[in-house]
Amino acid sequence: MNDSKMETDILDCNLLHANKSSKNNFSQSDSSEMKTKISPHFATSLLLPIDIDDLSYGRFFFKILQEVYPDLMPRKYGDTEPLKNVFDGDVEKMMSTCWQPKSVSPHRFHQFIWKPQLKGTLAFWDFSSLHGQQKLHSSLLLSGNPKKFRIADIKLFYREWIKHDPADIGHIHILAEPEFNHYKRYHNEMLWALNIGYTTLELKKYIPNLAWGMFFGRPYVEMMGLQKLLSAPAFLVEQWHDGVYIQVTENIEDTFKNYEEFDGLRTQIKKYLGRQYFFGPELTKDEYRVPNFNFH
């Protein structure tokens with residue numbers, strides 16, 4: 001995930017103010033006796049195996065967003081920060097300004113960034129590109145102050161969206177102090193994705209961790225089995241189109257208010273689904289199982 005996702009003055013979370021170098025150093029350090037104080041930080045992401053460059057896709061995305069969760073429509077937008085374009089309600093103008101990448105190279109990196117109407121939140125589209133010879137997903141990230149987001153509306157938005165476009169994986173989570181201090185020795189492997197979204201390069205090695213709410217799309221259904229996912233021992237399991245949504249507990253604040261119970265339930269679910277799919281320090285590289293992503 002690009003470093004610009006950490007360079008925002010609207011998120012009160014120390015974790016986001018580290019650069020990638022300090023991230024890697026931190027993940028290798030054995031500082032389990034030191035407690036780090038961070039504020040709860042909400043993040044949700046969805047990864048799609050498709051290109052979204054076309055203007056019609058941008059129109060489609062914001063049409064659904066306006067219908068289901070209008071508070072997440074833009075106040076400001078752009079392809080780099082600081083954001084200088086003020087959204088005046090004209091989606092066509094916004095699309096023509098900066099939705100499409102300026103470069104036609106498949107290796108180009110392009111983002112569409114916006115600050116939603118909900119102050120204290122930030123949103124990103126990372127457009128599909130090539131990393132070397134590896135195709136990367138298009139990915140959406142919404143993040144910010146947990147109090148600003150309505151979980152029911154996010155779930156409704158995802159369900160409506162997935163009806164029209166396939167998604168390979170998605171997550172909904174609040175990362176806070178108890179979880180960070182529990183797993184910070186493996187911060188790079190287990191926590192980073194929960195905080196700023198999953199990436200293709202990680203998913204080609206393992207699933208970093210199970211989030212409070214997790215959507216498993218067709219590649220994971222084919223690998224794990226539909227009935228296996230639907231029978232997971234979680235508070236809520238639902239079939240969303242051709243994928244499965246798993247929610248560990250009833251309340252997302254359990255990730256920090258009842259962390260030990262939440263993490264215990266999460267561990268049970270990971271064991272049930274198969275530890276070979278999720279990062280574990282006890283596993284070797286050859287023991288992991290990953291799906292085949294069908295990019296198109």
Check: Which residues, taken from segment 153-164, are out of contact with any strand residue (DSSP E or B) (no Cβ under 6 Å at 6 or more places or on another chain) and either basic (K, R) or assigned to a loop (DSSP other than H, G, I, E, B) (or both)?
Finding: K155, K163
Margin query: So if I check each of V237, V244, V248, which one is free of Cβ contacts under 8 Å to residues at least 24 places away in the same chain and out of contact with any Gly (no Cβ under 7 Å at 6 or more places or on another chain)?
Written below: V237
Item checked: Number of the exception - N145 against (1) of a type in the set (S, T, N, Q); (2) buried (at least 20 other Cβ atoms within 10 Å of the Cβ); (3) at pLDDT 95 or above -> (2)
Notebook entry, point to check: Residues in segment 144-183 that are in contact with a Lys or Arg (Cβ under 8 Å, 6 or more places away or on another chain) and not basic (K, R): how many?
Noted result: 5
Item checked: Residues being of a type outside the set (A, V, I, L, M, F, W, C), more than 25 Å from N292 (Cβ to Cβ) and buried (at least 18 other Cβ atoms within 10 Å of the Cβ) - total across segment 222-252 -> 2
Note to self: Here is a list: M190, M214. Which entry is assigned to a strand (DSSP E or B) and buried (at least 17 other Cβ atoms within 10 Å of the Cβ)?
What the structure shows: M214
Checklist line | Condition broken by D90, with the remaining ones in (1) within 30 Å of N294 (Cβ to Cβ); (2) surrounded by fewer than 15 Cβ atoms within 10 Å (Cβ to Cβ); (3) not hydroxyl-bearing (S, T, Y) satisfied | finding: (1)
Next item on the list: Evaluate segment 198-220: report whether one residue or more is out of contact with any helix residue (DSSP H, G or I) (no Cβ under 8 Å at 6 or more places or on another chain), among the acidic types (D, E) and modelled with pLDDT of 95 or more.
Entry: no
Notebook entry, point to check: So which residues in segment 238-264 are under 13 Å from L210 (Cβ atoms) and under 21 Å from the mean Cα position of the chain (by Cα)?
Noted result: V244, Y245, I246, Q247, V248, T249, T255, F262, D263
Item checked: Test: residue in segment 182-193 that is on the phi < 0 side of the Ramachandran plot, under 11 Å from the mean Cα position of the chain (by Cα) and touching a residue at least 12 places away in the same chain (Cβ under 8 Å) -> yes
Note to self: For segment 68-84, check the following and say yes or no: at least one residue is charged (D, E, K, R), modelled with pLDDT of 95 or more, out of contact with any Cys (no Cβ under 7 Å at 6 or more places or on another chain) and surrounded by fewer than 14 Cβ atoms within 10 Å (Cβ to Cβ).
What the structure shows: yes
Note to self: Please determine whether any residue of segment 194-206 is part of a loop (DSSP other than H, G, I, E, B), of a type outside the set (A, V, I, L, M, F, W, C) and buried (at least 22 other Cβ atoms within 10 Å of the Cβ).
What the structure shows: yes
Check: Exactly one of (1) surrounded by 14 or more Cβ atoms within 10 Å (Cβ to Cβ); (2) part of a helix (DSSP H, G or I); (3) without any contact (Cβ under 8 Å) to a residue 40 or more places away in the chain is unmet by D263. Its number?
Finding: (3)
Next item on the list: Kindly check whether there is at least one residue in segment 174-185 that is surrounded by 23 or more Cβ atoms within 10 Å (Cβ to Cβ) and part of a strand (DSSP E or B).
Entry: yes
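The values are calculated or read from the model by the stated rules, or taken from the named source; none is laboratory data. What you are looking at is a predicted structure, and each value in this text was computed from that prediction instead of being measured. Methodologically, a virtual Cβ is constructed for each residue, glycine included, from the backbone with ideal geometry; neighbour enumeration extends over all protein chains shown.
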